[in-house]
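Have a look at the structure below before the remarks.
The values are calculated or read from the model by the stated rules, or taken from the named source; none is laboratory data. Predicted model only: the values in this text are computed from it and were never measured. Note that each Cβ is placed from the backbone with ideal geometry, even for glycine, and that neighbours are counted across all protein chains shown.
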Amino acid sequence: MKNARIPAIDTVGDHIAWSYANLARADAALQDGFTAYQRIHHIIRTKLFHGLKNGTMAMRSLYDDERIKMTVPQACYYCGSTDKLSVDHLIPRISGGADDSDNLIWACRSCNSSKQGRDMLEWMKKKQSFPAILLLRRYLKLVARYCDEKDLLSTSMPDALQRNLPFDLSLIPHSFPPLTELTLWVYPETPVQAQQRS
């Protein structure tokens, strides 16, 4: 199962579905406390990918992500700091990201200033960092919703990459770092961590 064949990715819908299925695999493994993928995690990925492709399964609602935003301690979604928080547009407003609650997250002044008007994945790639699983999940749902509303899910990837979209589809990950380097969520940092970051 380790070397499972990567499916053909022809359309925007396939591209998003494969990333989301890999995310679900990582989420399940982390929730189960594993440091290496088990057979069941690969099965989750395969079933979800095919279910998303043929329409028998769907991404969960953004309601789950909004509930997390309202129930966890307010902290920067990027680094976990609770100091000098502001609101950040996950998909930048300057690129066409919405002012909707779904697209608004907490960010500390340092991360917000560093990210500026860049897309989250573009900024994290520049920092050589990978987003927390629950942050990436929210991002993928926003991208999928935008592509669905604009009738882009059946568009070929080469054609879609030529369009002026508010995000860079080529940055949506298909391969993830090892489980030991992933985190479900960025928790609020301790005062010692905050001092070390300053």
Conditions first: (1) at pLDDT 95 or above; (2) aliphatic (A, V, I, L, M); (3) under 30 Å from residue 28 (Cα atoms); (4) not in a loop (DSSP other than H, G, I, E, B). Residue 160 passes all but one, so which condition is the exception?
(3)
When every residue in region 87-113 that is polar (S, T, N, Q) and touching a strand residue (DSSP E or B) at 6+ places or on another chain (Cβ under 6 Å) is compared, the one farthest from residue 169 (Cα to Cα) is 112
Of residues in region 1-27 being among the aliphatic types (A, V, I, L, M) and surrounded by fewer than 19 Cβ atoms within 10 Å (Cβ to Cβ), the one farthest from residue 173 (Cα to Cα)
1
Say whether the condition of being surrounded by fewer than 16 Cβ atoms within 10 Å (Cβ to Cβ), touching a helix residue (DSSP H, G or I) at 6+ places or on another chain (Cβ under 9 Å) and part of a loop (DSSP other than H, G, I, E, B) is met by at least one residue in region 133-150.
no
Select, from 81, 101, 61, 86, the only residue that is closer than 22 Å to residue 153 by Cα and at pLDDT below 95.
61
